[in-house]
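Following: one structure in C-alpha cells, then a few remarks.
The values are calculated or read from the model by the stated rules, or taken from the named source; none is laboratory data. Bear in mind the structure is a predicted one, so any value in this text is a computation, not a measurement. So basically every Cβ, Gly included, is an ideal-geometry build from the backbone, and we count neighbours across all protein chains shown.
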Protein chains: 2
Amino acid sequence: MAQVQRMSRLMIKTLRDDPADAETLNHKLLVRAGYVRRNAAGIWSWLPIGKQVLENVARIVREEMDAIGAQEVLLPALLPREPYEVTGRWEEYGDLLFRLRDRKGGDYLLGPTHEEVFTQIVKDQCTSYKDLPVMIYQVQTKYRDEARPRAGVLRGREFLMKDSYSFDTSDEGLAESYALHRAAYQRIFDRLGFEYSIVSAVSGAMGGSQSEEFLAPAAAGEDTFVRCPSCGYAANTEAVTFKAPTVAAADHPAIEELDTPDTPTIETLAAHLGVPASATLKNLLVKVDGEIVAVGVPGDREVDLGKLGEHLAPAVVELVTAEDFEGRPDLVRGYVGPQGLDKVRYIADPRVAPGTAWITGANKPGTHAGNVVCGRDFDVDDYLDVVVVEEGDPCPVCGTGLTLARGIEIGHCFQLGRKYADAFQFDVLGENGKPVRVTMGSYGLGVSRAVAALAEQTADEQGLCWPREVAPADVHIVAAGKSLQTELALSVAERLGAAGVRVLVDDRAGVSPGVKFTDAELIGVPTILVAGRRAGEGVVELKDRRSGEREDVTVDEAVSRLTAQLG
Amino acid sequence: MAQVQRMSRLMIKTLRDDPADAETLNHKLLVRAGYVRRNAAGIWSWLPIGKQVLENVARIVREEMDAIGAQEVLLPALLPREPYEVTGRWEEYGDLLFRLRDRKGGDYLLGPTHEEVFTQIVKDQCTSYKDLPVMIYQVQTKYRDEARPRAGVLRGREFLMKDSYSFDTSDEGLAESYALHRAAYQRIFDRLGFEYSIVSAVSGAMGGSQSEEFLAPAAAGEDTFVRCPSCGYAANTEAVTFKAPTVAAADHPAIEELDTPDTPTIETLAAHLGVPASATLKNLLVKVDGEIVAVGVPGDREVDLGKLGEHLAPAVVELVTAEDFEGRPDLVRGYVGPQGLDKVRYIADPRVAPGTAWITGANKPGTHAGNVVCGRDFDVDDYLDVVVVEEGDPCPVCGTGLTLARGIEIGHCFQLGRKYADAFQFDVLGENGKPVRVTMGSYGLGVSRAVAALAEQTADEQGLCWPREVAPADVHIVAAGKSLQTELALSVAERLGAAGVRVLVDDRAGVSPGVKFTDAELIGVPTILVAGRRAGEGVVELKDRRSGEREDVTVDEAVSRLTAQLG
C-alpha cells in the first residue's frame, strides 16, 4: 500500500503570484507550489510535500552510498573550536563561519563541513591498516553564513548535505575510493534525472590534489564552465588549460617604431592602426606580494585575475595603482612593452608563443612598436594560462571550439591527500609494523540544493516538473467537478495506492477545476489523472505533465496502465 | 534481502573499560559497545551501529505519527530572534538558549523547541476552519545549553527530537488531537519495548492546561514520580494532590501552654515532649512577593518549595531571613503558632484539616501550645497541597500506599491552549464567518534520549540488550574459530539476509572467540548464533541474549527457525 495523500487534508497553500523577494526560479516555484517557506535569509522550512521531495533525494543518495560500502554515521553540527584551530580553518573561514559561545564561555562553531571531526573520529576508531580503507558518510545539516543568501534554496545558510570521507593507507587506495564515489555520484545524478557535466576543478581552500565538480547546467548557476561539444571534455573555466601552439619558424622584419598618440588602450590602438586587437600584445601590470610583474596576453583577451591568483598562491596578487609608477621611468603607463622590461618579471599566456610577432608598447609615451617577436625581442619568464576562457576557445583535448555554460554545483569530489591526516598526525600501523600516514578523500553532495537545482533545470512555464523518483507522488488525481468526480477520484486513488502507486488526490471542496488544474501543473507530479466531464461514463483523462500529451481512457485502463508502469 | 553487516568491514571499536568521564550506564555502554563517541560535553557522534539504532527509533516514531494523520515537515534549527521575542522566550530561556549573531549583526538562536515557528508557519498556511485541524511534526535536531550535560546521551546539548504540534478551533478538537497523540505515544513506547508510566505533570514554563509525561523507570532518571501499585495511578511528585481527610467531630480540651525551653525544631520538641513528630504542626515562614506568609504542615512532613511556587506563580516565593523578623514581635522564631498570627496569611496542607488538634508554637520563646484545634483556635486562609510526597502516601484515586520511583522523561504531551495563538494573533475564519482563535497542543519525544533510556532500562551486567525493533540487527553471528567457522558464519549470514533477517556477523580475523563472545554480549543484538566447535558437523549454537538460554541446533534448523521468526 503506497501513500495516498488527500489535498483536502494536506497542509498546502499554493500562491498565484511570485513572492516579492524571490529572484530565482526555484525560490518562486518552490514557494508558490507549497514546498518551502522562508524563515530568514537563507533559512528555510520544508513543508509536507517539500519534505517528501527532500527525503526522496536523501534516500537515493543513501542507497548509492550504501552500495559502495560507505557507512552512515551522524556527527553533531555544534562543534568545539579546537579541531578547527588545529587546521587553521577557525580563522580561514572568516565571516562564512557561524561562531558562538556556550554558557561557560567556550568557543563553538556550526559545522560548514566536517573534515576535522571525521579525521578525529576515524583516528579514534581505526588504528591498523586492517581497519582501512573506510568510507563514512552522513546526511546532515550544515551552516554557512553566506554574504548574499539570495538564490532561494540553492544557497542557504542552513542546508542539508551528504558529506562523505574516505580513509586509505596509499595513493592507489585513495584513487580507488575516489573512483567508487565518482561512479556513485553518476548513478545518483542519473537517478535524480539531472543533466550534468563532470568538470575538473581547482581545489581551492580544501587543499589536496585532484578535484572534480558535478555541474548541472542552469541559468541560475553560479559557476561558469566550458563543455566541448565534440569529445565531451568539461571543466571549470578556471581549470581550463590552453595548449601552446607550435609556431612555424618565420623571418620577421626588425622592430619598427609606430607613432601612436593618444592610444593608451587596445581599442584606441587597434582603431588608430586599423589592425585587429588580436594582432596586439596587452601587458597588464600587477603586484605579486608587492613586487611589480607584467602579464602579457593577446590584445583581444582578458586576464582572469582569479586564475592568476590560483597559479601564484599563496602569493597575493593586486592591481597596480598610480603610485606604483612613481620613480619607475621604465614603466610608461599605457605604452608598456616586454622588449624593454629588464627589471620586471614577465608572465605570458601560452598564446604568446616563441616565434609569434606582436604590436605592443614601445615604453615611450604615445609610441608603440611593431614586429616585436617573442624569443627574439623579449623573453617570457613564466608561461601561465591566465586568460578568461571564451566561447569558441579550442578544447584542450580535441581542439574543437568550446561552449560556455552556467551551472549549479550539485556535487564535488576531492582527493584531499594527507593535509588533514598531517594536521591530526593520523597514522595507522602499517603491514610492515611501521606507522603509515593516512590519505583522505572528501565528497560533498548538496541534498537540499539538489532539490532546488532540479527545480531550476526541469521547470517550465506552468511550474515544477519533477523526475519521477523525486516527485512527491507518481500520480496527481484531479477531482474536476462535484461529488461524482470526487468519489471517482478517491476510488481511483485507493486502487492505485493499493497497487503501490503513490498518489496525490485533489479532493478539495469549493475549489474550481480551473484552480485545481493550475495547481497540478504548478506542483509538478509527472502524471496527472483528471476525473472530469466523462466521469459518469467511467472515463478519465491521463496527462503527461512534461509533454502535455493527454488521452481519454477508461478507469480500468488507467489503473492497469499506471499500475503496470509504476506499481 | 536484509542488511548483512560484516564486522571485519564495519567501523566499530569496542572498549574493555568504561570511559573515564562516564557517570551513567548509557554513557558507559554506548561508548564501550561502539555506538557513540563524545565530541564535547553533551555533544555526541553516532557511529554506524549507533546511527542504525537511532534510525530504527525514528522510523517507529514516524510510522505512528503518520498513522494518526500527522504530517512531517522540517524546520530550521537556526532561527531568528523575533518570534521568540514575541513570546518572551528569548529572555525567559536564560542560559539554556544558544544565541549567536550572523555577519550582519542579526540575532539568532538554536531552537530548543519550535512552538513559535510552527505557529507562524501554520498561521501562514491555514486561514479557514476548513484548513484545521492540522497536526504536523518533525524529527529534528534541538539545542539546549544544559548547565550539567553529564548524563551521557540522555541529556545532550545537541539532540534529536520528534516534536509535533496540533492546531484546532475548539477545546474539543484539542482534546481529540491530544488523545490521538497520547495513543500514538503508547504505541511507540510499546513497540520500542519500554516499561513506562504516564504521569500527570505540572505544565511549567510551557504554559497551558493539561500535561502528561511518559516516564521510563530507571536509576539514572532525573524525575521522581509516584505510582499506585493498586489502581495504576501515576504522577509527577509535584502534581500529586492529597485529599483532605474528613475528621470526626471531637471535643478537644482547651489550649494548654507547654514549657519547652530550647526546642526551636520539631526534632527537639518531639523528643522533649515524648510525642511523635506527626502530632506537631510545623509552621514555615516564607515571603510571597515580599509579604510574609506562614505555611503549616504536619511536623513529620517537608514543605515542597517547588510545589508551593507552582501554586502561587507568578508570585515569587522566597525563604525568610533573620532580617525579616526585625520589628515583628508577633513572629517568634522557632515558636510560631497559627493561633496568634492575625496579621499573617496562613496556608496549610490539607492534612491540617478542620477539627484536627496539634502541638504547635505558642508565639512565645521557649513555649509551645497543646490542643490547638484547626477551625476552633485558628483558621486556614488557603489549603494547598505543598508537602513533599513520601513513599506510602495514600493514592489520591484509591487510597493505597504510593510507591516512589525514578524515571527518565521519554515523552511529554501538552495542551498549550491559546497561549501561542494569542501571542501571534492566530485566528482563522470560523464556520459562522467570524474569526476564531486557534488552540494548540505540543508533543515532544526525545529520539536520541529514547536510545539512551532504552540502554539504561534494558542493559544487564554483560552489556546492552536491545528490544528487537531497535537493535542494529536481528541476529549476531559469531565465527568462533578458524576458516571453517568463518565460512559457515558467512554462509548462514547470507542465507538469513536473503530471507529478510538483519544480520551482524563477526568475521574478524585475528580476534579470539572469547573477545567475540564478550563483544556480542556487549553490543546486545537479541539473538546470538555461534559457529563454533561443532561447525564441522553443521551444528551451531543459538543463544537468547536476554535470558542466556542456549541450544545446539543444525544449521538448517537455525536458519528455518530464525527465518520463520524474523524474516
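Miscellaneous remarks
- Among the candidates B:ASP124, B:ASP145, residue that is out of contact with any Cys (no Cβ under 6 Å at 6 or more places or on another chain), at the interface with another protein chain (Cβ under 10 Å from one of its Cβ atoms), assigned to a loop (DSSP other than H, G, I, E, B) and acidic (Asp, Glu): B:ASP145
- Candidates A:ALA67, A:ALA33, A:ALA20, filtered to the one that is touching a strand residue (DSSP E or B) at 6+ places or on another chain (Cβ under 8 Å) and more than 8 Å from chain B (Cβ to nearest Cβ): A:ALA33
- The residues on offer are A:LEU78, A:LEU74, A:LEU96, and the sole one that is within 30 Å of A:MET135 (Cα to Cα), within 13 Å of another protein chain (Cβ to nearest Cβ) and within 23 Å of the chain's Cα centre (by Cα) is A:LEU96.
- Of all residues in the range A:1-26, those that are more than 12 Å from A:PRO48 (Cα to Cα) have Cβ atoms under 6 Å from Cβ atoms of residues that are of a type in the set (Lys, Arg) and surrounded by 15 or more Cβ atoms within 10 Å (Cβ to Cβ), 6 or more apart or on another chain, in A:ALA2/A:ARG502; A:GLN3/A:ARG502; A:SER8/A:ARG508; A:LEU15/A:ARG32; A:ASP18/A:LYS28; A:ALA22/A:LYS28; A:GLU23/A:ARG150.
- Among strands (runs of 3 or more DSSP E) entirely within the range A:469-567, having at least 1 residues that are touching an Asp or Glu at 6+ places or on another chain (Cβ under 9 Å), closer than 30 Å to A:GLU63 by Cβ and at pLDDT 95 or above singles out A:475-479, A:503-506, A:527-531, A:539-544.
- As a summary of the residue check, B:GLY375 satisfies the conditions (1) over 30 Å from B:LYS123 (Cα atoms); (2) surrounded by 14 or more Cβ atoms within 10 Å (Cβ to Cβ) except for the one numbered (2).
- Single unsatisfied condition, A:ALA184 versus (1) over 20 Å from A:ARG62 (Cβ atoms); (2) buried (at least 22 other Cβ atoms within 10 Å of the Cβ); (3) more than 14 Å from every other protein chain (Cβ to nearest Cβ); (4) small (Gly, Ala, Ser): (1)
- Within the range B:152-181, if we keep just the residues that are more than 10 Å from every other protein chain (Cβ to nearest Cβ) and among the charged types (D, E, K, R), the residue that is surrounded by the most Cβ atoms within 10 Å (Cβ to Cβ) turns out to be B:LYS162.
- Yes/no for B:ALA220 being aliphatic (A, V, I, L, M), within 18 Å of B:GLY446 (Cα to Cα) and not assigned by TED's automatic domain parsing to the domain that holds B:PRO350: yes
- Those residues of the range A:36-61 which are more than 10 Å from chain B (Cβ to nearest Cβ) and touching a residue at least 40 places away in the same chain (Cβ under 8 Å), in sequence order: A:VAL53, A:ASN56, A:VAL57, A:ALA58, A:ILE60, A:VAL61
- Test set (1) in a loop (DSSP other than H, G, I, E, B); (2) within 11 Å of another protein chain (Cβ to nearest Cβ); (3) touching a residue at least 24 places away in the same chain (Cβ under 8 Å) - A:THR113 fails condition number: (2)
- Count of residues meeting criterion [of a type in the set (Asp, Glu) and crowded, with 22+ Cβ neighbours inside 10 Å] in the range A:117-151: 1
- With respect to (1) within 21 Å of A:ALA235 (Cβ to Cβ); (2) within 14 Å of chain B (Cβ to nearest Cβ); (3) hydrophobic (A, V, I, L, M, F, W, C), the lone exception for A:PHE194 is condition (2).
- Restricting the range B:477-492 to residues that are touching a Lys or Arg at 6+ places or on another chain (Cβ under 8 Å) and surrounded by 21 or more Cβ atoms within 10 Å (Cβ to Cβ), the residue that is nearest to B:LYS28 (Cα to Cα): B:VAL478
- Whether a residue is more than 30 Å from A:PRO467 (Cβ to Cβ), more than 8 Å from chain B (Cβ to nearest Cβ) and at pLDDT below 95 was assessed, and A:TYR84 does not pass this test.
- Condition met for B:PHE167 (touching a Pro at 6+ places or on another chain (Cβ under 7 Å) and either assigned to a helix (DSSP H, G or I) or within 27 Å of A:ILE43 (Cβ to Cβ) (or both)): yes
- Within the range A:276-298, the only residue that satisfies the criterion of being polar (S, T, N, Q) and surrounded by fewer than 17 Cβ atoms within 10 Å (Cβ to Cβ) is A:SER278.
- Those residues of the range B:329-373 which are of a type in the set (Lys, Arg) and more than 25 Å from B:ALA250 (Cβ to Cβ), in sequence order: B:ARG333, B:LYS343, B:ARG345, B:LYS364
- Sole exception among (1) within 23 Å of A:ILE49 (Cβ to Cβ); (2) touching a residue at least 60 places away in the same chain (Cβ under 8 Å) for A:VAL559, by number: (1)
- Selection count, the range B:224-261, where residues are among the polar types (S, T, N, Q) and over 17 Å from the mean Cα position of the chain (by Cα): 4
- Considering residues of the range A:509-549 that are touching a helix residue (DSSP H, G or I) at 6+ places or on another chain (Cβ under 7 Å) and over 16 Å from A:ASP474 (Cα atoms) only, the residue surrounded by the fewest Cβ atoms within 10 Å (Cβ to Cβ): A:GLY536
- Within the range A:81-93, the set of residues being in contact (Cβ under 8 Å) with a residue 60 or more places away in the chain and more than 26 Å from the chain's Cα centre (by Cα) comprises A:PRO83, A:VAL86.
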